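**Student:** One structure coming up, written as structure tokens, with questions to follow.
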Amino acid sequence: MVAKIIDGHAVARQVREECRERVAALQARGIQPGLAVIIVGDNPASQVYVANKVKACTEVGLKSTVHRFAADTPDREVEALIRSLNADPEVHGILVQLPLPPQFNVRRVLETISQEKDVDGFHLYNVGGLVLGNTIFPPCTPYGVQKMLEYEDIPVEGQNVVVVGASNIVGKPMALMLMQKDATVCICHAKTRDLAQLTILADILVVAAGRPNLILPQMVKTGAVVIDVGINRLPDGRLVGDVDFEGVRQKASYITPVPGGVGPMTVTMLVHNTVQSAERLVPAEQLAEA
Ligand code: NAD
């Protein structure tokens, strides 16, 4: 068996096209959806991520505004900006680019964002909503994985899912989202004993550990769906995921490449969440007038 490669760019294109149409419909009613991005310090990776987010917004007609702060800015100053953005009717999504400098209380900053504009889905309210199955904004990376599974019509209900990685931004929300879809979910992490004993049971294996070559062919069931969220830069400059792509490809039914797999979906789902936020925040009477 040679796995079908799930093309993240193709799925992302489809989602962005839908977003573009929804933005156009909002603009026709006089509403310009907008995203505010806050970046503190000059972390080069963060600069690249923010530039990509701005580009994706522009592509679908979203207005994005970037607010830049020096690395030594007091956290209260950033929180004051967030409160003014919460009250700004032209802003429908607020995103704080992580990581923040060490003097920041990250949780307090994230909780300052209105839950109604929390398009990254990191506010406690939206995290709690994930547990209950009614979050407003699912976090972008696992949401992107869910869209990829839907795009390929891969059933989730009743499937054995193993998620490798238990972070707050990928592993944990991924597990909750697939459990909500009635999968049987197991979460593994760095302290898991005998990882292979668990991964071999997976019908769907989602890997987000940040460890190149963590998943080898002998750890994967024949016919499994393998989603590689990992992004690792090797000493020779190559970008790879957490899965031995060439080896596992010979055994899996579907596999995502790195780059070109989950990566393009993360930014796309941010755009999607911002459009959805704008639709939610439009007063009903304004829609009725249109
Ligand atoms: P993290 O460092 O916060 O969490 C990593 C998780 O993996 C932890 O739960 C840890 O216990 C687990 N882990 C580490 N080594 C392990 C091992 N040997 N066996 C089993 N579990 C192990 O990382 P994160 O922020 O969740 O990101 C994970 C990876 O996904 C990184 O490579 C990151 O770059 C990538 N990522 C990609 C996207 C995307 O858009 N494709 C988005 C976010 C993160």
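**Student:** Just need the relative contact order of segment 209-251 here, percent rounded to a whole number, with Cα pairs under 8 Å and 6+ apart. Intermediate results must be reported in sequence, preceding the final value.
**Tutor:** On the way: 62 pairs, mean separation 22.5, N = 43.
RCO, segment 209-251: 52 percent.
**Student:** Pull up all non-local amide H partners of Val164: gap of 5 or more, or a different chain, and H-to-H distance under 5 Å with H placed in the peptide plane.
**Tutor:** Cys188, Val206, Val207, Ala208
**Student:** If all Cα-Cα distances of segment 1-132 are sorted into 10 Å bins from 0 onward, what percent lands in each bin, rounded to whole numbers?
**Tutor:** 11, 36, 34, 15, 3, 0
**Student:** At a Förster distance of 22 Å, what's the computed FRET efficiency of Glu246 paired with Glu152, Cβ-Cβ distance as r, to 0.05? Don't skip to the answer; put the middle values down first.
**Tutor:** Values: r = 21 Å, r/R0 = 0.94.
After rounding to 0.05, the efficiency reads 0.60.
**Student:** Under 5 Å between amide H atoms, partner at least 5 residues away or on a different chain: which partners does Ser64 have, H built in plane at 1.01 Å?
**Tutor:** For Ser64, whose amide H was placed from the backbone, the distant partners under 5 Å are Leu35.
**Student:** Also, I was wondering about something else. Is there a quick way to get the dipole size of segment 1-159? I mean about its Cα centre, with the Cβ of Lys and Arg at +1 and of Asp and Glu at -1; what is the value in debye to the nearest 20?
**Tutor:** Computed charge dipole of segment 1-159: roughly 260 debye.
**Student:** OK, next. Once you keep just the Cα pairs under 8 angstrom separated by 6 or more residues, what percentage relative contact order results for segment 86-236? Intermediate results must be reported in sequence, preceding the final value.
**Tutor:** Working: 215 pairs, mean separation 24.6, N = 151.
Contact order relative to length: 16 percent.
**Student:** Given Cα pairs under 8 Å that are at least 6 residues apart, what percent is the relative contact order of the chain?
**Tutor:** 23
**Student:** Once both axes come from the Cα atoms, what is the angle between helix 263-281 and the longest principal axis of the chain, in degrees from 0 to 90, rounded to 10?
**Tutor:** That helix lies at roughly 40 degrees to the long axis.
**Student:** Now, a different point. Which semi-axes, in whole Å and largest first, does the equivalent ellipsoid of the chain have when worked out from the alpha carbon gyration tensor as the square roots of 5 times its eigenvalues?
**Tutor:** In descending order the semi-axes read 33, 22, 18 Å.
**Student:** Counting only other residues whose beta carbon sits under 12 Å from that of Ile82, what net charge do I get with K and R as +1, D and E as -1?
**Tutor:** Charge balance in the 12 Å sphere: -2.
**Student:** Only bridges whose two residues both fall in the chain count here: according to DSSP, what percent of them are antiparallel, nearest 5? Let's see the in-between values first.
**Tutor:** Numbers: 2 of 31 bridges.
Percent antiparallel among DSSP bridges in the chain is about 5.
**Student:** Checking the table Lys147/Lys221; Lys4/Lys117; Lys4/Lys147; Lys63/Lys147; Lys4/Lys172 against a 28 Å threshold on Cα-Cα, which pairs fail?
**Tutor:** Lys4/Lys117
**Student:** In the P(r) worked out for segment 89-178, what percent of Cα pairs fall beyond 16 Å?
**Tutor:** The calculated P(r) of segment 89-178 puts 59 percent of pairs beyond 16 Å.
**Student:** Between Arg83, Arg22, Arg238, where does the largest GNM mean-square fluctuation fall for the chain, given springs only between Cα atoms within less than 10 Å?
**Tutor:** Arg238
**Student:** Here is a follow-up. Applying the Karplus parametrisation 6.51 cos²θ - 1.76 cosθ + 1.60 with θ = phi - 60° to the phi angles of segment 8-14, what ³J(HN,Hα) value in whole Hz is obtained for each residue in order, glycine and proline being reported as x?
**Tutor:** Calculated HN-Hα couplings, in order: x, 5, 5, 5, 4, 4, 4 Hz.
**Student:** OK, next. Give me the one-decimal nm value for the distance between modelled label points at Arg20 and Asn52, 7 Å along each residue's Cα-to-Cβ direction.
**Tutor:** For Arg20 paired with Asn52, the spin-label model returns 2.0 nm.
**Student:** List every residue whose amide H lies under 5 Å from the amide H of Val96, counting only residues 5 or more places away in sequence or on a different chain, with H placed 1.01 Å from N in the peptide plane.
**Tutor:** The list, which skips near neighbours in sequence, is Ile38.
**Student:** A further question follows. HN-Hα J couplings of segment 209-224 from phi, Karplus 6.51/-1.76/1.60, θ = phi - 60°, integer Hz, Gly and Pro as x?
**Tutor:** 10, x, 10, x, 6, 5, 9, 9, x, 5, 9, 10, 6, 4, x, 5
**Student:** Using the Cα centre as the reference, give the magnitude of the dipole from point charges on the C-beta atoms of the chain (Lys, Arg: +1; Asp, Glu: -1; all else neutral), rounded to the nearest 20 debye.
**Tutor:** Numbers: 27 positive and 31 negative charges, 96 e Å.
In total the dipole reaches around 460 debye.
**Student:** Counting only Cα atoms, I'd like the Rg/Rh figure for segment 70-128, Kirkwood definition for Rh. Can you show the working numbers first?
**Tutor:** Details: Rg = 11.1 Å, Rh = 11.7 Å.
Ratio value, two decimals: 0.95.
**Student:** Something else: With labels modelled as points extended 7 Å from the Cα through the Cβ direction, what inter-label distance (nm, one decimal) is found for Ala28 paired with Ala70?
**Tutor:** Result: 4.9 nm between the two label points.
**Student:** Here's a follow-up. Could you work out the local net charge near Thr141, counting Lys and Arg as +1, Asp and Glu as -1, over the other residues with Cβ closer than 14 Å to its Cβ? Present the calculation step by step, with values, prior to reporting the outcome.
**Tutor:** Numbers: positive: Lys53, Lys147, Lys172; negative: Asp120, Asp228, Asp242.
Neighbour charge sum, excluding Thr141 itself: 0.
**Student:** Grab the beta carbon distance between Asp194 and Arg238, set R0 = 30 Å, and tell me the FRET efficiency rounded to 0.05.
**Tutor:** 0.55
Read the figures in this text as sums done on the coordinates, not as results from a lab. This one's a predicted model, so the numbers in the text were calculated from it and none came from an experiment. Here the Cβ is made from the backbone with ideal geometry for all residues, glycine too, and neighbour counts use every protein chain on show.
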